[in-house]
Amino acid sequence: MMKCPVCEMDCVKSAKEILTSLPAIFLPCAECNARALDKRAPLPGLSYNLPCSCGKRFIDDVFAHMYVIMVEQGDLKKTDPLIAVGTPLVHPGYAMDRPPFLPEKSLVLLSPRITKPTAEILIRDVPELRGVVKSDHFTPGIADPDLNSVPKVYDLLAGCDVRADVFFLWTGPLVMYKQQSLIHIEFPRGNDLKIRAVEQRVGKPPVPNFIDACSGAGTLGLTAACMGVPHVVMNAAWYAWAFWSAFNLEVNRDCLKLKRIKIYEQYQDMQKHPVAKEPVKIAETEGEQVIEVYQGDFRLLYRVLSAGTPLTAIDIFDKNDQAKIGAIQKEWLAKVGGEVFIP
């Protein structure tokens with residue numbers, strides 16, 4: 001059993017356990033009732049349905065319940081539309097073809113309007129909620145590849161905001177955990193173009209060495225690892241990205257050829273050095289596959305690389321500045337070599 005690094009409870013499960021629950025986890029029973037509501041209009045009558053006897057409730061009624069509480073607490077007005085409650089992120093998240101019926105502890109709410117006292121009431125009274133986060137008009141984490149800006153994060157007000165997304169690869173499903181207040185939203189769409197780009201580049205048989213230079217929570221690096229790449233390096237300057245890249249190795253170990261995973265840094269300790277420039281090894285594996293995780297500036301990663309000529313993905317946030325992207329690729333090729341692409 002893995003302990004959650006945020007709440008230290010048992011809310012984190014292995015990929016196998018998560019996948020066993022899909023897709024039935026969000027399906028209704030014969031008694032469930034779906035009341036579709038207009039998200040762009042105020043809630044009529046300030047009413048909501050309670051969960052079904054099976055323990056699930058249609059997502060619109062969960063939103064209605066939260067809306068009523070937020071109006072009662074003064075966070076919303078009766079004239080606000082239902083959508084003003086915030087952004088719902090289900091757990092586990094995967095590409096769905098219909099709105100979900102939510103069981104207990106299956107929703108993280110991101111809301112710019114929420115206050116801490118209201119968040120605590122929501123966690124107490126809305127059983128489907130697992131965490132409430134006060135969001136803002138920015139992307140949490142590092143957006144500047146030059147590491148010149150001070151990282152901004154959202155505030156976890158109540159509960160636990162650790163949740164998983166499920167991405168479907170050519171080789172099977174990949175489960176990616178993250179703490180949502182610290183990491184950008186990357187909800188699965190069913191046909192995730194970055195993943196497809198990595199799969200096509202890695203090929204069959206796979207390339208011998210792959211580097212995910214700006215790894216986020218590790219989705220692209222673990223995609224390459226699940227495709228059988230013998231040596232994978234993941235790197236991120238922001239501590240939350242680096243930690244979850246390492247943590248997700250353990251979550252997905254069943255699809256990897258590993259004997260042992262060694263994680264050298266604890267989450268709470270990494271918070272003391274949230275942004276690193278000189279690469280520091282966070283985790284590594286032993287077995288048929290060697291997977292390494294570093295925290296540091298990807299432009300300095302060449303100093304610690306031991307693999308041969310790699311295929312490198314550099315997934316930076318700002319892909320609009322073509323001159324900067326060209327300079328980054330040129331510098332990487334000069335110091336590391338191999339092949340580099342921007343997914």
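The values are calculated or read from the model by the stated rules, or taken from the named source; none is laboratory data. Small disclaimer: the values here were computed from a predicted structure and weren't measured. Here the Cβ positions follow ideal geometry from the backbone for every residue, glycine too, while neighbour counts run over all protein chains shown.
For segment 22-37, state whether one or more residues are in a helix (DSSP H, G or I), in contact (Cβ under 8 Å) with a residue 24 or more places away in the chain and either among the charged types (D, E, K, R) or farther than 30 Å from residue 252 by Cα (or both). Checked against the condition, which is being in a helix (DSSP H, G or I), in contact (Cβ under 8 Å) with a residue 24 or more places away in the chain and either among the charged types (D, E, K, R) or farther than 30 Å from residue 252 by Cα (or both), segment 22-37 yields no hits at all.
For residue 308, the test of being crowded, with 16+ Cβ neighbours inside 10 Å, part of a loop (DSSP other than H, G, I, E, B) and not aliphatic (A, V, I, L, M) is failed. Considering segment 318-343 alone, what residues qualify as being out of contact with any strand residue (DSSP E or B) (no Cβ under 9 Å at 6 or more places or on another chain) and not basic (Lys, Arg)? Within segment 318-343, 318, 320, 321, 322, 323, 325, 326, 327, 331, 334, 337 qualify.
Can you say whether residue 125 is more than 19 Å from residue 55 (Cβ to Cβ) and either surrounded by fewer than 13 Cβ atoms within 10 Å (Cβ to Cβ) or free of Cβ contacts under 8 Å to residues at least 60 places away in the same chain (or both), as far as the supplied structure shows? Judged against the criteria, residue 125 is not a match.
When segment 130-147 is filtered for residues that are modelled with pLDDT under 95 and either among the hydrophobic types (A, V, I, L, M, F, W, C) or within 30 Å of residue 201 (Cβ to Cβ) (or both), the ones remaining, listed by number, are 138, 139, 140, 141, 142, 143, 144, 145, 146, 147. Among the strands (runs of 3 or more DSSP E) confined to segment 158-215, the ones with at least 3 residues that are over 21 Å from residue 23 (Cβ atoms) are located at 209-212. Is it fair to say residue 88 is farther than 25 Å from residue 275 by Cα and assigned to a loop (DSSP other than H, G, I, E, B)? Against the criterion (farther than 25 Å from residue 275 by Cα and assigned to a loop (DSSP other than H, G, I, E, B)), residue 88 does not qualify.
When residue 79 is tested against (1) free of Cβ contacts under 8 Å to residues at least 60 places away in the same chain; (2) closer than 14 Å to residue 46 by Cα; (3) surrounded by 15 or more Cβ atoms within 10 Å (Cβ to Cβ), just one condition goes unmet, and that condition is (3). One residue alone among 329, 271, 289, 266 is in the same structural domain as residue 227 (by TED's automatic domain parsing) and farther than 30 Å from residue 2 by Cβ, and that residue is 329. Checking 237, 225, 217, 213 one by one, the residue that is closer than 27 Å to residue 277 by Cα, within 14 Å of the chain's Cα centre (by Cα) and crowded, with 23+ Cβ neighbours inside 10 Å is 217 and no other. Among residues that are in the same structural domain as residue 313 (by TED's automatic domain parsing), more than 19 Å from residue 14 (Cβ to Cβ), touching a Lys or Arg at 6+ places or on another chain (Cβ under 7 Å) and not hydroxyl-bearing (Ser, Thr, Tyr), residue 220 is included. Please determine whether any residue of segment 41-48 is in a helix (DSSP H, G or I), on the phi > 0 side of the Ramachandran plot and either more than 24 Å from the chain's Cα centre (by Cα) or among the basic types (Lys, Arg) (or both). Among the residues of segment 41-48, at least one is in a helix (DSSP H, G or I), on the phi > 0 side of the Ramachandran plot and either more than 24 Å from the chain's Cα centre (by Cα) or among the basic types (Lys, Arg) (or both), which makes the answer yes. Beta carbons closer than 7 Å, at least 6 apart along the sequence or on distinct chains, pair a first residue in segment 300-317 that is under 13 Å from residue 230 (Cα atoms) with a second that is part of a strand (DSSP E or B) and of a type in the set (Asp, Glu) for 311/339. For residue 245, the conditions (1) surrounded by fewer than 23 Cβ atoms within 10 Å (Cβ to Cβ); (2) closer than 15 Å to residue 216 by Cβ all hold with the exception of (1).
Among residues that are under 25 Å from residue 81 (Cβ atoms), modelled with pLDDT under 95 and not charged (D, E, K, R), residue 185 is included.
For the residues 189, 260, 196, the requirement of being over 19 Å from the mean Cα position of the chain (by Cα) and charged (D, E, K, R) singles out 260. Please specify each residue of segment 283-305 satisfying the condition of being among the acidic types (Asp, Glu) and either in contact with a Cys (Cβ under 6 Å, 6 or more places away or on another chain) or surrounded by 15 or more Cβ atoms within 10 Å (Cβ to Cβ) (or both). Answer for segment 283-305, where residues must be among the acidic types (Asp, Glu) and either in contact with a Cys (Cβ under 6 Å, 6 or more places away or on another chain) or surrounded by 15 or more Cβ atoms within 10 Å (Cβ to Cβ) (or both): 284, 292, 297. So which of 198, 280 ends up being surrounded by 24 or more Cβ atoms within 10 Å (Cβ to Cβ) and either at negative phi or of a type in the set (S, T, N, Q) (or both)? After ruling out the rest, the residue left standing is 198.
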